[in-house]
Structures are given as structure tokens and as C-alpha cells.
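Chemist: Attaching a single structure in C-alpha cells format; questions to follow.
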Amino acid sequence: MNRLRAEILAIGDELTSGQRLDTNSQWLAQRLGELGVRTMFHTIVGDDLAACMDAFQTAIRRSDLLVATGGLGPTADDLTRDAIAAATHCPLELRPEALAHIENLFARRYRTMPQRNRVQAMFPRGSRIIPNPHGTAPGIDLYCQFQDGHVCRIFALPGVPAEMTEMWNGTVADRLRQEMGLGTKKVHYRQLKLFGLGESDVEALLPNLIERDRDPLVGITVSRATITLRISTLAETIDEANHRIAPIMEEIREHLGEFIFGEDDDELEDIILRLLSERRQRVGLIEIGQHDIAAKWFRQKISESDVESCVRCMRIETIEELCKSSPLSFERTNIDWTEIAERTADDFVAQKQSDWVLVVGPYPKDQMIPILDNLPELSVAIVVCGPDHRKWTKSVRPIGHPDIVLHRIAKQALDVLRKAILESDFNPRA
């Protein structure tokens with residue numbers, strides 16, 4: 001990985017207050033990665049001169065490259081140029097060429113330039129102008145060198161996304177390539193997707209692979225019970241990157257094979273659709289209760305008509321619908337949901353409506369989700385029935401943070417189906 005340490009500094013009360021999402025920093029971090037630079041810090045600071053100066057001083061000291069956005073407008077709350085000048089001890093100077101550009105921009109729009117806009121032509125001594133072809137806020141390019149030899153290069157760009165991206169693509173990226181030798185290598189990523197383990201369990205099963213001084217570097221992220229292992233390396237070509245990453249992926253598979261379901265952007269529903277397509281098979285999906293989580297995921301992947309060609313989705317809200325001969329209701333706690341789900345799956349396969357049937361439920365009601373951890377008697381049945389009526393069953397407790405309970409249940413169901421389809425390939429009776 002490139003030894004350069006980058007920081008991105010976003011400025012504005014609209015960001016610190018949460019009124020606006022900082023998408024500029026995400027975009028810039030991706031562009032830096034393409035040049036082979038690892039972003040170590042994301043900082044957001046409000047429109048306050050002392051706070052901005054402190055943020056710049058801290059960033060300059062700990063980073064080799066600093067990209068700031070916002071605060072280059074003409075109003076009293078636009079403080080970036082003043083903060084840079086104070087933090088670097090480089091006083092502001094008027095640049096006639098910048099002023100001429102701003103005046104010309106107003107003239108082309110048949111407007112008189114307000115005097116306040118002159119401040120946008122003020123630059124820290126020793127800095128270079130980053131042209132802004134369609135805006136009145138030119139950017140700042142400044143080297144800052146300390147007595148101990150540490151150097152930080154500062155780029156300050158407007159917060160308006162269209163202007164920022166144009167200035168990055170038109171000037172900043174080229175300067176980084178030509179003047180700092182960046183861009184010959186870029187950060188390449190591969191991902192492995194896992195389900196069925198906790199984050200700490202994964203780390204325990206991968207001895208030394210998560211250490212921070214490795215290359216390739218392995219990182220762990222979790223999103224609604226799905227674990228993603230990100231493997232990254234700095235390389236000139238994708239072939240070189242894959243050559244380095246492949247042994248790491250193979251080692252991870254050796255340790256976590258049964259829990260790995262896909263790569264890169266794969267989700268469980270993608271794998272199910274792929275397996276069904278390869279086998280020219282169809283699955284009937286029956287979700288019991290108020291929700292149809294898995295069905296929604298399938299519909300997001302492909303059109304309704306295509307879903308029905310390989311996944312027939314049904315949602316049944318009441319047990320009377322599922323088993324019309326029974327007067328039972330969801331409020332009864334002595335219902336054997338696994339038995340009911342098995343019978344339903346058998347009937348569905350017997351009617352030859354699908355090669356596979358997945359029954360999951362009942363999903364807990366919305367009002368019950370916040371108290372599920374205190375209701376240990378509750379469980380959700382998952383039943384998969386194959387073409388020869390062979391069954392895979394699982395009973396799970398609906399536990400966890402309320403935000404992930406439903407997603408975890410649906411993913412557990414899809415994972416049982418995935419494993420059943422794969423296992424059936426090695427069962428001559430299937």
C-alpha cells in the first residue's frame with residue numbers, strides 16, 4: 001500500500017448538524033484510492049474559524065495529503081481560506097488573475113460583481129490556483145513543510161459537488177499524477193461474503209489474517225448479519241492484484257468454507273437465483289406473517305415476470321390460510337410451526353408447483369420486535385423440501401437488534417435453501 005496518508009476535511013454547519021450528508025468525502029476517498037492513496041481520516045468541522053484552524057493544523061501534522069471541501073464562498077461563514085492562512089502562517093494575498101476570472105464570470109452573466117466576492121480571489125502566500133471554470137470559488141493548492149521534514153500538500157475545493165468533481169478531474173488528479181508520481185498503482189479490492197458467524201468468530205478463525213501490517217490487507221464489515229471480508233492491495237494492474245489476492249481468498253475459504261456464500265457484490269438471493277438457473281429449477285417461497293422480506297429481495301434483483309419463472313412467492317398472514325382445517329391463531333404458543341411448515345412444503349412439492357419449497361415463519365409482528373429478547377419461547381420455523389421430498393429443517397430464535405431481526409430470519413432461510421441445493425448435487429437420490 002502507498003505510504004502516503006491522506007485526510008479528507010469537509011467544512012460546513014450543514015454537515016455537522018446532519019442537515020446534509022457528506023457525499024463529497026466518499027467520492028474523494030474513492031478517487032484517492034484509484035491513485036493508490038489510502039485515506040486514513042475523514043473529518044467534518046463546522047463554520048467556526050477557531051475550529052477550522054484547529055482541524056487544518058491537526059490534519060496537516062498527521063497527513064501527507066489533505067483534501068478539503070467547502071467554505072470557499074464569499075459570505076462571512078466561508079472560512080476555509082482564513083483557516084488555512086492561520087494554520088500555515090501564510091497570509092492571504094490578492095491574486096489579480098483570480099479576481100479577473102470572477103469579474104468576467106459575473107460579466108458573462110450580465111451581473112455586477114458584489115464587492116464581497118473579492119475575498120474569493122484571496123490566496124495564502126505561496127499557494128497555487130485551482131481553476132474553477134464555472135464557479136466563482138477557485139481552489140487552493142499549497143505545500144506546507146515543517147522543520148522536521150514533514151510535508152503535507154493541501155488542496156481546498158468548493159463544496160458544490162459539480163464544481164468539486166470538475167476541478168478534481170480537470171486539475172487536481174493531473175497534478176497528483178504528474179507532480180507526486182501517483183496513479184501508476186491503484187487500490188484493488190475483492191470481497192468474500194459470509195453468513196452464519198459473528199464478527200469476532202470470523203477473526204478467531206482467521207489467525208493473523210486481520211493484522212493491519214499485511215499486504216494484501218483484510219478488513220471485516222458487518223451489515224444486517226452479513227459479514228464482508230474486504231481484501232485490498234496496491235497494484236498496477238488487476239491481474240497483478242488478483243495474483244496477490246487469490247492466495248488470501250483461498251486461505252480464507254479453507255478456514256470458513258461452509259459459511260462463504262459469494263464474492264464481491266453477491267447477496268444470498270443472487271446465489272439462489274444463480275443455482276436455480278444453472279439447474280433449470282424453480283422454488284416456491286412461502287413467508288408466513290406480516291412480512292415478505294425474501295420475496296422483496298428477489299423482486300429487487302429481477303422483474304416480476306422473471307421472478308415468477310424461477311421463484312414463486314407467496315405470503316400467508318394467518319394460520320387459517322395456511323391450514324384451513326385448523327382454528328388455531330398466531331397468538332397460540334403451542335403451535336408446532338416446523339410440523340406445519342413441513343406439511344405445507346410437502347403439499348407444494350407434491351402438487352409439482354416447484355422443484356424446491358422454502359417455508360419460513362411466522363415472522364414476529366412489528367410490535368413484538370423490541371421485546372423479542374425477553375420472549376425465549378418464540379421461534380421461527382425454516383423448512384426446505386427438495387424434489388424427492390427430502391427435507392432440511394431449522395428452528396431459529398428471532399433475536400438481535402430490532403433493525404436486523406427480520407433480515408436475519410430471511411437470510412437464515414435463504415442460507416438453508418442455498419446449502420440444501422448444493423448438498424443435493426452430491427446426493428444420488430435427489
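Chemist: Per 0.36 nm of contour for each residue apart, how much would the distance between Phe106 and Glu254 grow if the chain were fully extended, relative to their Cα-Cα spacing? All intermediate terms of the calculation are to be shown ahead of the outcome.
Modeler: Details: separation 148, 0.36 × 148 = 53.28 nm, distance 6.43 nm.
Full-extension gain reported as 46.9 nm.
Chemist: If you take the charge dipole of segment 99-157 about its Cα centre, with +1 on Lys and Arg Cβ and -1 on Asp and Glu Cβ, which of Pro124, Pro114, His150 is farthest toward its positive end?
Modeler: Farthest along the dipole direction, towards plus: Pro114.
Chemist: If you don't mind, there's one more thing I want to ask. Which net charge results for the neighbourhood of Leu66, defined as the other residues with beta-carbon distances under 13 angstrom from its beta-carbon, given Lys and Arg at +1 and Asp and Glu at -1?
Modeler: Details: positive: Arg5, Arg61, Arg62, Arg153; negative: Glu7, Asp64, Asp141.
Result for the local shell: +1.
Chemist: May I ask for the net charge around Asn132, where only other residues with Cβ less than 12 Å from the Cβ of Asn132 are counted and Lys, Arg are +1 while Asp, Glu are -1?
Modeler: Numbers: positive: none; negative: Glu163, Glu166.
Cβ neighbours under 12 Å give a net charge of -2.
Chemist: Still on this structure: Quick one: dipole size for the chain, taken about the Cα centre, charges +1 on Lys/Arg Cβ and -1 on Asp/Glu Cβ, in debye to the nearest 20. Don't skip to the end; give the middle numbers.
Modeler: Details: 52 positive and 65 negative charges, 180 e Å.
About 860 debye.
Chemist: Treating only the Cα positions of segment 145-264 as identical point scatterers, give the base-10 log of I(q)/I(0) from the Debye formula at each q in 0.09, 0.20, 0.21 Å⁻¹.
Modeler: -0.40, -1.02, -1.07
Chemist: For the charge dipole of the chain, defined by +1 on Lys and Arg C-beta atoms and -1 on Asp and Glu C-beta atoms about the Cα centroid, which residue among Ala420, Trp168, Ile210 has the Cα displaced farthest towards the positive pole?
Modeler: Farthest towards the positive end: Trp168.
Chemist: State, in angstrom, two size descriptors of segment 1-134 derived from its alpha carbons: Rg to one decimal place and Dmax to the nearest whole number.
Modeler: Values for segment 1-134 (Cα only, Rg and Dmax): 15.9, 50 Å.
Chemist: Rounded to whole Hz and in sequence order, give me ³J(HN,Hα) for segment 164-173 from the Karplus expression 6.51 cos²θ - 1.76 cosθ + 1.60, θ = phi - 60°, writing x for Gly and Pro.
Modeler: Once rounded to whole Hz, the list reads 4, 5, 5, 5, 4, 5, x, 9, 4, 4.
Chemist: Could you work out the relative contact order of the chain, using alpha carbon pairs under 8 angstrom and six or more residues apart, expressed as a whole percent?
Modeler: Values: 770 pairs, mean separation 44.3, N = 430.
Computed value for the chain: 10 percent relative contact order.
Chemist: Excluding ligands, DNA and RNA, what is the solvent-accessible area per residue of segment 97-168 at a probe of 1.4 Å, expressed in Å²?
Modeler: Details: 3540 Å² over 72 residues.
So segment 97-168 comes to 49 Å² accessible per residue, rounded to a whole number.
Chemist: Hey, another quick one. Picking from Asp54, Asp148, Asp346, which is most flexible by a Gaussian network model of the chain using Cα springs under 10 Å?
Modeler: Asp148
Chemist: Hey, any idea what % of the chain's accessible area is carbon plus sulfur with a 1.4 Å probe?
Modeler: Details: 10110 of 21010 Å².
In the chain, the share of accessible area belonging to carbon and sulfur is 48 percent.
Chemist: Using only the Cα atoms of segment 221-316, each taken as one equal point scatterer with no solvent, compute I(q) by the Debye sum, divide by I(0), and report log10 of the ratio at q = 0.13, 0.22, 0.23 Å⁻¹.
Modeler: Each listed q maps to, in turn, -0.63, -1.13, -1.18.
Chemist: Ignoring ligands, DNA and RNA, what accessible area per residue does segment 169-235 give at 1.4 Å, in Å²?
Modeler: For segment 169-235, the per-residue accessible area is 47 Å².
Chemist: Right, next: Grab the Cα-Cα distance for Phe146 and Leu378, subtract it from 0.36 nm times how many residues apart they are, and report the gain in nm with one decimal. Please report the intermediate quantities before stating the final value.
Modeler: On the way: separation 232, 0.36 × 232 = 83.52 nm, distance 6.36 nm.
Roughly 77.2 nm would be gained on extension.
Chemist: Tell me the label-point distance for the pair Ile369, Leu49, using the 7 Å Cα-to-Cβ offset, in nm and rounded to one decimal.
Modeler: Taking the two extended label points, one gets 4.9 nm.
Chemist: Using 18 Å as the Cα-Cα cut-off, could you pick out the over-long pairs in Lys301/Lys365; Lys365/Lys394; Lys301/Lys411; Lys193/Lys411?
Modeler: Working: Lys301/Lys365 26 Å; Lys365/Lys394 20 Å; Lys301/Lys411 15 Å; Lys193/Lys411 12 Å.
Flagged as over cut-off: Lys301/Lys365; Lys365/Lys394.
Chemist: Okay, moving on. Express in % the proportion of alpha carbon pairs of segment 206-254 at distances exceeding 14 Å.
Modeler: On the way: 617 of 1176 pairs.
For segment 206-254, the share of Cα pairs beyond 14 Å comes to 52 percent.
Chemist: Across the Cα atoms of segment 122-191, what radius of gyration and what greatest pairwise Cα-Cα distance (Dmax) are found, in Å?
Modeler: When restricted to the Cα atoms of segment 122-191, Rg and Dmax are 14.2, 46 Å.
Chemist: Additional query: Once amide H atoms are built 1.01 Å from N in the peptide plane, which residues 5 or more positions from Gly262, or in another chain, come under 5 Å H to H?
Modeler: Long-range HN contacts for Gly262: Lys193.
Chemist: While we're looking at this one, here's another question. Scale the Cα Rg of segment 55-150 by the rule-of-thumb value 2.2 N^0.38 Å and send over the ratio, two decimals. Intermediate values should be presented prior to the final figure.
Modeler: On the way: Rg = 14.3 Å, N = 96, 2.2 N^0.38 = 12.5 Å.
Here the Cα radius of gyration is 1.15 times the empirical estimate.
Chemist: Still on this model: Taking a cut-off of 19 Å between Cα atoms, list the aspartates and glutamates near Lys186, but don't count ones fewer than 8 places away on the same chain.
Modeler: Partners within reach: Glu7, Glu34, Asp64, Asp174, Asp213, Asp215, Glu236, Asp239, Glu240, Asp264.
Chemist: Same structure, new question: Semi-axes of the equivalent ellipsoid of segment 257-305: what are they in whole Å, largest first, if each equals the square root of 5 times a C-alpha gyration tensor eigenvalue?
Modeler: Working: eigenvalues 77, 42, 28 Å².
Semi-axes (√(5λ), whole Å): 20, 14, 12.
Chemist: Okay, next question. What are the ³J(HN,Hα) values, in whole Hz, obtained from phi via the Karplus relation 6.51 cos²θ - 1.76 cosθ + 1.60 with θ = phi - 60°, for each residue of segment 18-26 in sequence order, with x given for Gly and Pro?
Modeler: Going residue by residue, I get x, 6, 9, 7, 7, 7, 4, 5, 4 Hz, with x marking Gly and Pro.
Chemist: Here's another thing I want to ask about it. Give me the Å³ per residue figure for the convex hull around the C-alpha atoms of the chain.
Modeler: Values: hull volume 87.8 nm³, N = 430.
Hull volume over Cα atoms, normalised by residue count, gives 204 Å³.
Chemist: Say R0 is 45 Å: what FRET efficiency, to the nearest 0.05, do Lys419 and Thr23 get from their beta-carbon distance?
Modeler: On the way: r = 38 Å, r/R0 = 0.85.
Efficiency for this residue pair is about 0.70.
Chemist: Turning to a different aspect of this structure: Using the per-residue mean of other Cβ atoms lying within 10 Å as a proxy for protection, in what order, highest first, do the peptides 416-422, 285-291 fall? Walk me through the numbers on the way to the answer.
Modeler: Values: 416-422: 19.6, 285-291: 22.7.
Result, highest mean Cβ count within 10 Å first: 285-291, 416-422.
Chemist: Rounded to a whole number of µm²/s, how large is the Stokes-Einstein D of segment 1-80 at 20 °C and 1.002 mPa s, given Rh as the Kirkwood radius over C-alpha pairs? It would help to have the intermediate numbers written out before the result.
Modeler: Values: Rh = 12.9 Å.
Diffusion coefficient, whole number: 166 µm²/s.
Chemist: A further question follows. Grab the other residues whose beta carbon is less than 15 angstrom from that of His150, score K and R as +1, D and E as -1, and report the net.
Modeler: Working: positive: Arg3, Arg5, Arg61, Arg62, Arg153; negative: Glu7, Asp64, Asp148.
Net local charge, His150 excluded: +2.
Chemist: Could you calculate the contour length gain from Arg343 to Glu211, that is, 0.36 nm times the residue separation minus the distance between their Cα atoms, to one decimal place in nm?
Modeler: Numbers: separation 132, 0.36 × 132 = 47.52 nm, distance 4.91 nm.
42.6 nm is the gain from fully extending Arg343 to Glu211.
Chemist: Just the accessible area per residue of segment 241-304, please: how many Å² with a 1.4 Å probe? Walk me through the numbers on the way to the answer.
Modeler: On the way: 3120 Å² over 64 residues.
Value returned for segment 241-304: 49 Å² of accessible area per residue.
Chemist: With θ taken as phi - 60° and the coefficients 6.51, -1.76 and 1.60, list the Karplus ³J(HN,Hα) couplings across segment 124-141 in order, rounded to whole Hz; mark glycine and proline as x.
Modeler: Using θ = phi - 60°, the values come out as x, 4, x, 8, 10, 7, 9, x, 10, x, 10, x, 8, 10, x, x, 10, 10 Hz.
The values are calculated or read from the model by the stated rules, or taken from the named source; none is laboratory data. In this text, all values refer to a predicted model and were calculated from it rather than measured experimentally. No Cβ is skipped: glycine too gets one built from the backbone with ideal geometry, and neighbour counts run over all protein chains shown. Keep in mind that these areas ignore ligands, DNA and RNA; they rest on the heavy atoms of the full protein, side chains included. Shrake-Rupley method; radii C 1.70, N 1.55, O 1.52, S 1.80 Å.
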